[in-house]
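Remarks on the structure that follows.
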Amino acid sequence: MKTVINDKRLFRDANRAIISGVCAGLAKYLGIDPLWVRVGAIISMIFLTFPTALAYVLAILLLRYK
């Protein structure tokens, strides 16, 4: 029997970062283009400013660079 370990982790991506790498790291984790995560973050920031800003700052503080 072969054991498969899922090494999928959430991190900040310094190589594709525009501000701090949060959106790029989330996109890498989800397996999608960072553009879509950034567009979603901008739309979320327009309609849900405080919760989005709080989540973004927490992600900056809690996630490590890879």
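The numbers here are math on the coordinates, done by the rules we state, and not lab data. This is a predicted model, so every value here is computed, not measured. Positions of Cβ are backbone-derived with ideal geometry, glycine not excepted, and every protein chain shown enters the neighbour counts.
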Item to complete: Take segment 19-36 and flag every residue that is within 14 Å of Ala59 (Cα to Cα) and within 10 Å of the chain's Cα centre (by Cα).
Response: Ser20, Gly21, Val22, Cys23, Ala24, Gly25, Leu26, Ala27, Tyr29
Worksheet, complete the sentence: When segment 8-38 is checked residue by residue, the ones that are in a helix (DSSP H, G or I) and free of Cβ contacts under 8 Å to residues at least 40 places away in the same chain are Cys23, Ala24, Leu26, Ala27, Lys28, Tyr29, Leu30, Pro34, Leu35, Trp36, Val37, Arg38
